[in-house]
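> Quick one: this structure, given as structure tokens, is what I'll be asking you about.
Any read-out appearing in this document is the output of simple, stated calculations on the displayed coordinates, not a laboratory observation. Predicted model only: the values in this text are computed from it and were never measured. Ideal geometry is used to build each Cβ from the backbone, glycine not excepted, and the neighbour counts take in all protein chains shown.
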Amino acid sequence: MARPIWTGVISFGLVSVPVALYSATREHEVSFHQFEKGTSDRIRYHRVNERTGKEVDYDDIVKGADVGGGKYVMLDPEELDAIAPGRSRALDIHTFVDLDEIDPVHYQKSYYLAPGSDETAKTYALLREAMATANKAAIGTLVMRNKQYLTTIRPKDDLLVLETMYFADEVRDPHEQIDKLPGKAKPKPQELKMATQLIESMSGPWKPTDYRDTYTDQVKKLIGAKKKGAKVTLAEEAPEATEVTDLMEVLRRSVESAKKGRKSTPGKKKTTAKKKTTAKKAA
């Protein structure tokens, strides 16, 4: 069984619920080492004292805040933990909101919240059921690994799920980041009708298991092929943008294709979209 990455107490009103935090997701991308090009020489990174040139053990490293004039204030992990709300063990709920009110751009990473012990399971279940009945999510804050997080807690089946979130000032304004926004341009009624029909014809239930990281699969195949000295076939370029003058005709053909059951599925693309890199044995 996995070990919790954080343990603490959820507090709402005068009620405190001990909990343990577990990572809810994992990534499965291929792990690569780094080498100098044209050689088999590994590139390695070391924590080196720039004055002595000697490597420094991780436990001997502290954080330093630049206060100007080439001076730094040194802080060790214990000092940072000591000033954290609840000594880094409190998850304070500030308010309850409708989940649909939260813009997904604020979400970072998902975690499972479990009862802190068998004795506290009843209080945990009470909070979970009350939130599910009210159809609410809890907004709170916690300090973990010397960083404060805004969090959302929501009920899911027999568990509570916590999402770490970005604070408002960490979310960039798109108008400040993007030079070309579509503005107030409106499509023609017939174009909008056809596009809506296309969306409806391609709609279906959300089934996470229908989707797979096919790119990682192809990378593994590529590695296996190169290991055997196989020839690599490059991917095709992405399709050109649809011309505005052809938009209605392209929409019409897309709707007809979708209605005939030839809509795209993960890993079985039938469009001219960018294909994944493949590898074939040399003749």
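> Kirkwood-based Rg over Rh for the chain (C-alpha set), two decimals?
Result for the chain is an Rg/Rh of 1.05.
> What is the helix-to-structure angle for 189-201, meaning the angle in degrees between its Cα long axis and the longest Cα principal axis of the chain, kept from 0 to 90 and rounded to the nearest 10?
Tilt of helix 189-201: around 70 degrees.
> Now a separate question. Mind checking the stretch 19-101 for GluC sites (Glu not before Pro) that DSSP puts in a loop (not H, G, I, E or B) and that have at most 15 other Cβ atoms within 10 Å? Please report the intermediate quantities before stating the final value.
Numbers: sites: Glu27, Glu29, Glu36, Glu50, Glu55, Glu78, Glu79, Glu101; in loops: Glu27, Glu29, Glu36, Glu50.
Those that pass, being in a loop and sparsely packed, are Glu27, Glu29, Glu36, Glu50.
> Related question: Quick one: Kirkwood hydrodynamic radius for the stretch 39-84, alpha-carbon pairs, angstrom, one decimal?
Result for the stretch 39-84, one decimal place: 13.3 Å.
> Let me ask something additional. Assuming a ≥ b ≥ c are the square roots of the Cα gyration tensor eigenvalues, decide whether the stretch 120-192 counts as rounded (a/c under 1.5), prolate (otherwise, with a/b larger than b/c) or oblate. Each step should come with its number before you reach the end.
On the way: a/c = 4.89, a/b = 1.76, b/c = 2.78.
Oblate is the answer for the stretch 120-192, as a/c is 1.5 or above yet b/c matches or exceeds a/b.
> Compute the signed sum of charges (Lys and Arg +1, Asp and Glu -1) over the other residues within less than 11 Å, Cβ to Cβ, of Trp6. Please report the intermediate quantities before stating the final value.
Numbers: positive: Arg3, Arg89, Arg145; negative: none.
So the environment of Trp6 carries a net charge of +3.
> Using the eigenvalues of the Cα gyration tensor, what equivalent ellipsoid semi-axes result for the stretch 1-132 when each is taken as the square root of five times the eigenvalue, whole Å, largest first? Intermediate results must be reported in sequence, preceding the final value.
Numbers: eigenvalues 308, 112, 55 Å².
In descending order the semi-axes read 39, 24, 17 Å.
> Also: In degrees, nearest 10, range 0 to 90: what is the angle between the Cα axis of helix 214-227 and the longest Cα principal axis of the chain?
Its long axis makes an angle of about 80 degrees.
> Here is a follow-up. Mind checking the angle between helix 121-134 and the chain's longest principal axis? C-alpha axes, 0 to 90 degrees, to the nearest 10.
With both axes taken from Cα atoms, the answer is about 50 degrees.
> Taking the stretch 147-231, which trypsin sites (Lys or Arg not before Pro) meet the DSSP loop condition and have no more than 12 other C-beta atoms within 10 Å? If you can, show how the numbers build up before the last one.
On the way: sites: Lys147, Lys156, Arg172, Lys180, Lys184, Lys193, Arg212, Lys220, Lys221, Lys226, Lys227, Lys228, Lys231; in loops: Arg172, Lys180, Lys184, Arg212, Lys228.
Here the sparse-neighbourhood loop sites are Arg172, Lys180, Lys184, Arg212, Lys228.
> With a sphere of radius 14 Å drawn around the Cβ of Val17, what net charge do the other residues whose Cβ falls strictly inside it have (Lys, Arg +1; Asp, Glu -1)? Don't skip to the end; give the middle numbers.
Numbers: positive: Arg89, Lys122, Arg128; negative: Asp92, Asp118, Glu119, Glu129.
Net of charged neighbours comes to -1.
> Right, next: Amide H to amide H under 5 Å from Ile10: which residues, 5+ apart in sequence or cross-chain, H placed 1.01 Å off N in plane?
Close amide H contacts, sequence-distant or interchain: Val17, Val19, Leu91.
> In a shell of Cβ-Cβ distance under 14 Å around Val161, excluding Val161 itself, what net charge do Lys and Arg (+1) and Asp and Glu (-1) give?
Summing Lys/Arg as +1 and Asp/Glu as -1 gives +2.
> Can you pull the Rg over Rh of the stretch 100-222, Cα-only, Kirkwood? Let's see the in-between values first.
Numbers: Rg = 20.8 Å, Rh = 19.2 Å.
Ratio of gyration radius to Kirkwood radius for the stretch 100-222: 1.08.
> Give me, ordered by chain and number, the residues 5 or more places off Tyr72 or on other chains with an amide H under 5 Å from its own placed amide H.
When sequence neighbours closer than 5 places are left aside, the close amide H contacts are Val67.
> From the helices alone, meaning DSSP H stretches of at least four residues, give me the mean residue ellipticity at 222 nm for the chain, per-run term -39500 (n - 2.57), in deg cm²/dmol to the nearest 500. Kindly include the intermediate steps, with their values, before the conclusion.
Details: 6 runs with 64 residues, N = 283.
One gets -7000 deg cm²/dmol as the mean residue ellipticity at 222 nm.
> How high is the relative contact order of the chain? Use alpha-carbon pairs under 8 Å, at least six apart in sequence, and give a whole percent. Can you show the working numbers first?
Details: 361 pairs, mean separation 43.4, N = 283.
Over the chain, the number comes to 15 percent.
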